[in-house]
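I have placed the structure first, in the form of structure tokens, so that the comments after it can refer back to it.
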């Protein structure tokens, strides 16, 4: 029953805009967030995924959506890898005046 509460409420709070902030999070930030997850695990009585899992899956989905949308300014920034499961970031160089 508590798992049904955790997933929509707590996980959505912890992962809000995760594709933006997680890459810039410090080790200290990640440790504090992992404590919150560990506390939730104690309360609901089962193990939960780390923040790395939703970050990776949401980042992959976001990259796929950007690459599939020709009207998006970043649609040419990603190329699918041969496996088809990950994306490679194409490096673009700009001239600075």
Q: Only helices (runs of 4 or more DSSP H) wholly contained in the stretch 16-92 count here; list those with 1 or more residues that are within 30 Å of residue 2 (Cβ to Cβ), free of Cβ contacts under 8 Å to residues at least 12 places away in the same chain and over 15 Å from the mean Cα position of the chain (by Cα).
A: 27-44
Q. Looking at (1) on the phi > 0 side of the Ramachandran plot; (2) more than 17 Å from the chain's Cα centre (by Cα), which is the only condition residue 4 fails?
A. (1)
Q) Do we have residue 66 as surrounded by 11 or more Cβ atoms within 10 Å (Cβ to Cβ) and modelled with pLDDT of 85 or more here? A) yes
Q) Among the residues of the stretch 31-38, is there at least one that is modelled with pLDDT of 85 or more, within 30 Å of residue 77 (Cβ to Cβ) and surrounded by 11 or more Cβ atoms within 10 Å (Cβ to Cβ)? A) yes
**Q.** Flag if residue 16 is surrounded by fewer than 10 Cβ atoms within 10 Å (Cβ to Cβ) and touching a helix residue (DSSP H, G or I) at 6+ places or on another chain (Cβ under 8 Å)
**A.** no
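The values are calculated or read from the model by the stated rules, or taken from the named source; none is laboratory data. If you're wondering where the values come from, they're calculated on a predicted model, not measured in any experiment. Neighbour counts are summed over all protein chains in view; Cβ atoms, including those assigned to glycine, are modelled from backbone coordinates with ideal geometry.
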